[in-house]
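The values are calculated or read from the model by the stated rules, or taken from the named source; none is laboratory data. Note that the coordinates shown come from a computational prediction; the quantities given were computed from them, not determined experimentally. Here Cβ is always computed from backbone atoms with ideal geometry, including for glycine, and neighbour counts include all displayed protein chains. Keep in mind that these areas ignore ligands, DNA and RNA; they rest on the heavy atoms of the full protein, side chains included. Shrake-Rupley method; radii C 1.70, N 1.55, O 1.52, S 1.80 Å.
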Amino acid sequence: MARHRRVAYRKRYQNRFSMFLVTLVVVLILILVQMGSLELKRKINTKAAEEAALQAQIEAEIERGEEIEKFGKEVQTKGYIENVAREKLGLVYEDEILFKQKD
């Protein structure tokens with residue numbers, strides 16, 4: 001009978017130890033999963049900030065493109081061409097009289 005009790009005690013002890021090991025492994029896996037989750041959340045936040053910065057840059061470049069297009073249309077007008085010819089090249093019409101100021 002004593003031997004039977006020892007065997008039953010050993011089995012119960014082994015079952016408890018096995019359950020403890022299984023529980024320990026499960027807890028360790030949960031900890032690792034949680035750490036991985038936190039790392040992924042950090043990466044997501046970093047990428048979201050990068051995305052916002054790139055989106056702002058895209059909007060700025062679109063606005064710049066619109067300004068360039070607008071300037072391109074303005075450059076082709078007769079008034080702009082005349083202004084550049086007068087200011088930078090010093091050209092005048094044939095029948096135009098120029099008055100210069102003395103410095």
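Things worth noting here:
- Some residue of the range 81-90 being surrounded by 10 or more Cβ atoms within 10 Å (Cβ to Cβ), within 38 Å of the chain's Cα centre (by Cα) and in a helix (DSSP H, G or I): no
- Of residues in the range 20-73 being of a type in the set (Asp, Glu) and open to solvent by 100 Å² or more (accessible area, probe 1.4 Å), the one farthest from residue 84 (Cα to Cα): 51
- Test for residue 68: is it under 25 Å from the mean Cα position of the chain (by Cα) and hydrophobic (A, V, I, L, M, F, W, C): no
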